[in-house]
Amino acid sequence: MLVDEAKIFVASGKGGDGIVAFRREKYVARGGPSGGNGGRGGDIVLKADTNLNTLYFFRKHVHFKAKAGGKGGSSNKTGADAETLIVRVPPGTVARDADTGGLIADIARAGEEIVLARGGRGGRGNAHFKTAANQAPRMAEKGEPGVERWITLELKMIADVALVGMPNAGKSTLLSVVSNAKPKIADYPFTTLEPNLGTVVYDNRDLIFADIPGLIEGAHMGIGLGHAFLRHVQRTDIILHILDGSASDPLADYNQIRSELALYDAKLTERPEIVVVNKIDLPEAREYWELLKESLVARDITEPMAISALTRENVTSLIQRVFEKAASTPRRDETALEQAPIYELDDEDLTFELEVEDGVYYVTGDRIERAAAMTYWDYDEAVLRFHKTLDALGVVDALSKAGVRRGDTVFIGDFELEWSD
């Protein structure tokens with residue numbers, strides 16, 4: 001079972017106490033202060049471990065507390081530093097502060113480490129406070145308290161190719177055919193409820209494919225666990241977009257998935273993409289393939305392919321093309337990814353502005369303008385879906401309160417629309 005979210009409590013170790021002590025050796029008159037410093041408390045460190053691939057361990061292990069530093073000793077002996085407590089996670093784990101949501105670490109490479117909480121400094125013994133005016137100080141410090149905080153962990157799968165598409169498009173079937181993965185497969189939507197990974201080998205090379213569960217309208221807003229699925233696409237280099245050739249409107253499905261990707265993270269639409277029409281073994285899919293292909297090419301989609309994952313028709317050609325695309329695609333700079341803020345949906349991201357001038361309504365906002373730019377206005381279903389997006393974001397309600405009527409002109413960014421209920 002893939003567990004890709006967890007919440008843990010970490011507490012670094014308290015610093016050891018310094019002590020008050022004086023020299024008491026025979027024949028040493030007026031022995032001075034000799035109290036030693038305490039040791040440093042243990043750090044809590046997050047480390048990527050390639051032996052792990054889920055966050056399941058954290059279902060039963062929530063609290064992680066490092067040990068305190070050792071107490072200082074006489075004769076200026078410093079207490080022992082506590083050992084670092086290492087919390088091992090799969091590569092691809094993102095750590096955030098549970099209270100603020102702020103990014104702490106984005107650990108993408110094996111062996112990479114990040115300090116979640118530093119141990120407290122050891123307290124100073126009285127030997128540290130000796131001065132010319134105070135030759136026998138009777139004071140010391142206790143150790144600095146450790147840091148306590150709640151951390152949320154999110155796992156973003158590290159894969160080369162992401163299989164995306166509508167529910168029941170055949171992604172799991174394709175993955176089972178081309179790789180060593182054994183995902184659950186059935187003839188109904190939402191068979192896949194968690195991402196699956198599979199290794200595909202071709203010509204002495206291998207790529208990791210990730211089967212992303214079917215996306216639905218509103219996935220970018222978390223509908224249908226959209227966030228939990230979409231974040232796994234962010235680390236992949238290539239998007240393999242699977243269309244159901246037997247669907248009533250594959251073009252509308254393609255537009256919908258592209259819109260969800262863009263609304264979640266605009267950079268996802270810039271990734272290299274291969275569009276594949278599946279289920280070509282079905283008569284209705286084969287009958288309309290040439291027409292569908294022309295429509296896809298007309299939308300600047302390069303060399304769409306028709307396959308049947310079930311009968312394996314053209315599957316080998318598809319895998320060959322994926323590996324060729326991977327060979328010509330530069331690996332993304334993971335260092336830049338780690339330093340970049342991770343996209344997170346919040347209320348500010350969904351804001352828009354509405355202005356009315358001379359009976360014309362102007363709606364602006366990054367999210368809604370991007371959705372408008374991704375809509376095929378010559379398809380009624382696409383327009384209807386865009387209207388639902390307006391409704392979900394609160395634009396419809398705002399326009400209604402502003403007095404919009406049927407036939408009024410509404411501008412969404414640069415797009416001029418005639419309002420209709």
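The values are calculated or read from the model by the stated rules, or taken from the named source; none is laboratory data. It should be emphasised that the depicted structure is a prediction, and the values quoted were computed from it without experimental measurement. Please note: Cβ atoms are built from the backbone with ideal geometry, for glycine as well, and neighbour counts cover all protein chains shown. SASA here: full protein model, heavy atoms, side chains in, ligands and nucleic acids out. Shrake-Rupley method; radii C 1.70, N 1.55, O 1.52, S 1.80 Å.
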Computed Rg/Rh of the stretch 109-162, alpha carbon atoms with Kirkwood Rh: 1.38
Residues whose placed amide H lies under 5 Å from that of K77, excluding near-sequence neighbours: G36
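Highest mean first, what order results for 255-261, 311-317 on Cβ atoms within 10 Å? Could you put the intermediate results ahead of the total?
Details: 255-261: 23.3, 311-317: 14.1.
Packing proxy ranking, top to bottom: 255-261, 311-317.
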Accessible solvent surface per residue of the stretch 1-115, calculated while the other protein chains remain in place, 1.4 angstrom probe, Å²: 54 Å²
Ordering of 50-63, 140-153 by packing [mean C-beta count within 10 Å, highest first]: 140-153, 50-63
Accessible-area composition of the stretch 1-112, carbon plus sulfur, in percent [1.4 Å probe]: 47 percent
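For the stretch 6-101, state the semi-axes of the equivalent ellipsoid (square roots of 5 times the eigenvalues of the alpha-carbon gyration tensor), sorted largest first and rounded to whole angstrom.
43, 12, 9
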Dipole moment magnitude, nearest 20 debye, the stretch 1-144 about Cα centre, only Lys, Arg, Asp, Glu C-beta charged: 1000 debye
Loop-resident sites, the stretch 380-413, for trypsin sites (Lys or Arg not before Pro), counting at most 15 other Cβ within 10 Å (DSSP): R405, R406
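Please give me the summed charge of the neighbours of W419: other residues whose Cβ is under 12 Å from its Cβ, Lys and Arg +1, Asp and Glu -1.
Working: positive: R405, R406; negative: D408, E416, E418, D421.
My count for the surroundings of W419 gives -2.
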Surrounding net charge for G16, when Lys and Arg each add one and Asp and Glu each subtract one, Cβ distance under 12 Å: +4
Whole-percent pair-distance distribution, where bins are 10 Å wide, for the alpha carbons of the stretch 238-333: 15, 46, 33, 6, 0
Calculated on alpha-carbon atoms, Rg and Dmax of the stretch 49-170 in Å: 22.3, 83
Cα-based reach from K401 at 25 Å (exclusive), listing lysines while leaving out same-chain residues under 8 positions away: K388
FRET efficiency for D206 and K267, using Cβ-Cβ distance with R0 set to 22 Å, rounded to 0.05: 0.30
